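The values are calculated or read from the model by the stated rules, or taken from the named source; none is laboratory data. Keep in mind it's a predicted model, so treat the numbers as computed, not measured. Note that we place each Cβ from the backbone using ideal geometry, even for glycine, and neighbour counts take in every protein chain shown.
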Amino acid sequence: MRHNRGVHIDTTDLADVLVLTPEPHHDDRGLFTRTFDAEEFDAHLGSPGVAARFVQDSQSRSRRGVIRGMHGRLGRGEAKLVRCAHGAVHDVLVDIRPGSATFGAQQAFLLDDETFRHLYVPPGFLHGFQALTDTADVCYRIDRPHDPTEDIGVRWDDEQLAIDWPQPPTIVSPRDAAAGDWAALLGVIGG
């Protein structure tokens with residue numbers, strides 16, 4: 001764990017995935033927090049300029065019980081910072097990097113607007129989440145423009161992954177409902 005300027009950076013059970021937890025400053029007006037610090041992030045990685053590679057910010061809004069995922073990218077993949085700006089989500093990552101020490105492993109994280117915790121997800125992971133509150137806004141900062149021709153996915157309810165979603169799903173998009181299974185993905189990525 002590294003701490004500086006009010007941001008904790010912790011490792012996880014998944015290789016190369018980081019949890020960033022800001023420490024908000026509270027006063028009579030409310031609070032202020034720095035949700036991301038490029039200098040601190042690069043210092044933790046030991047690689048200057050990584051933070052500057054983030055080129056696109058996106059945001060989704062979901063109702064309670066909505067599941068979005070499990071999504072990934074082919075090619076160079078995509079690194080991203082993910083945080084829940086409003087509400088709370090059960091966020092799940094699955095390592096799909098052949099040769100990784102944690103290949104096929106998954107880990108879940110609670111992201112919410114109370115802790116301001118967010119994830120650094122390197123290329124080579126499936127990502128998905130379920131909204132735990134009436135409304136949940138999730139923000140994504142990615143390191144290259146989205147290219148839909150590189151999209152890959154696994155069904156949110158794939159039997160081999162057996163992801164433990166905390167609530168019954170309320171809405172799943174047609175795309176996510178039609179996604180392939182883990183075995184099909186392994187055929188695509190060579191795992």
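Looking at segment 69-89 only, could you name the residues that are of a type in the set (A, V, I, L, M, F, W, C) and outside any loop (DSSP other than H, G, I, E, B)?
Here is the first cut: in segment 69-89, the residues of a type in the set (A, V, I, L, M, F, W, C) are 70, 74, 79, 81-82, 84-85, 88-89.
Answer for segment 69-89, where residues must be of a type in the set (A, V, I, L, M, F, W, C) and outside any loop (DSSP other than H, G, I, E, B): Met70, Leu81, Val82, Cys84, Ala85, Ala88, Val89.
Tell me which residues, restricted to segment 69-81, are surrounded by fewer than 21 Cβ atoms within 10 Å (Cβ to Cβ) and among the hydrophobic types (A, V, I, L, M, F, W, C). It would help to see each step written out before you state the result.
Our first condition is that a residue be surrounded by fewer than 21 Cβ atoms within 10 Å (Cβ to Cβ); within segment 69-81, this holds for 71, 74-77, 79.
Matches in segment 69-81: Leu74, Ala79.
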Exercise for review: Considering each residue of segment 151-187, count those that are in contact with a strand residue (DSSP E or B) (Cβ under 9 Å, 6 or more places away or on another chain), within 15 Å of Gly65 (Cβ to Cβ) and part of a helix (DSSP H, G or I), and give that number.
Suggested key: 1
Review point. Just wondering, is there one or more residues in segment 34-53 that are surrounded by 14 or more Cβ atoms within 10 Å (Cβ to Cβ), modelled with pLDDT of 80 or more, under 23 Å from Ile96 (Cα atoms) and charged (D, E, K, R)?
Key: no
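Would you pick out the residues in segment 114-140 that are of a type in the set (D, E, K, R) and either modelled with pLDDT under 95 or within 10 Å of the chain's Cα centre (by Cα) (or both)?
Of all residues in segment 114-140, those of a type in the set (D, E, K, R) come to 114, 117, 134, 137.
Matches in segment 114-140: Glu114, Arg117.
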Practice item. Residue by residue through segment 100-150, note down the ones that are in a strand (DSSP E or B), free of Cβ contacts under 8 Å to residues at least 40 places away in the same chain and exposed (fewer than 15 other Cβ atoms within 10 Å of the Cβ). Key: Leu110
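Within segment 141-191, restricting attention to residues that are of a type in the set (Lys, Arg) and over 16 Å from the mean Cα position of the chain (by Cα), which residue is modelled with the lowest pLDDT? Talk me through it step by step, then tell me what you get.
In the first step, residues of segment 141-191 are kept if they are of a type in the set (Lys, Arg); the result is 141, 144, 155, 175.
Of the ones still in play, those that are also over 16 Å from the mean Cα position of the chain (by Cα) are 155, 175.
Numbers: Arg155: 97, Arg175: 93.
My answer is Arg175.
Go over the candidates Glu39, Glu23 one by one and state the one that is charged (D, E, K, R), without any contact (Cβ under 8 Å) to a residue 24 or more places away in the chain and in contact with a Ser or Thr (Cβ under 8 Å, 6 or more places away or on another chain). If you could, list the steps in order and put the result at the bottom.
Details: Glu39 fails: in contact with a Ser or Thr (Cβ under 8 Å, 6 or more places away or on another chain).
Result: Glu23 is the single residue among Glu39, Glu23 that is charged (D, E, K, R), without any contact (Cβ under 8 Å) to a residue 24 or more places away in the chain and in contact with a Ser or Thr (Cβ under 8 Å, 6 or more places away or on another chain).
Using the structure shown, decide if Arg97 is surrounded by 16 or more Cβ atoms within 10 Å (Cβ to Cβ), in contact (Cβ under 8 Å) with a residue 12 or more places away in the chain and farther than 22 Å from Ile152 by Cβ. Show your work before the answer.
Details: surrounded by 16 or more Cβ atoms within 10 Å (Cβ to Cβ): yes; in contact (Cβ under 8 Å) with a residue 12 or more places away in the chain: yes; farther than 22 Å from Ile152 by Cβ: no.
In short, no.
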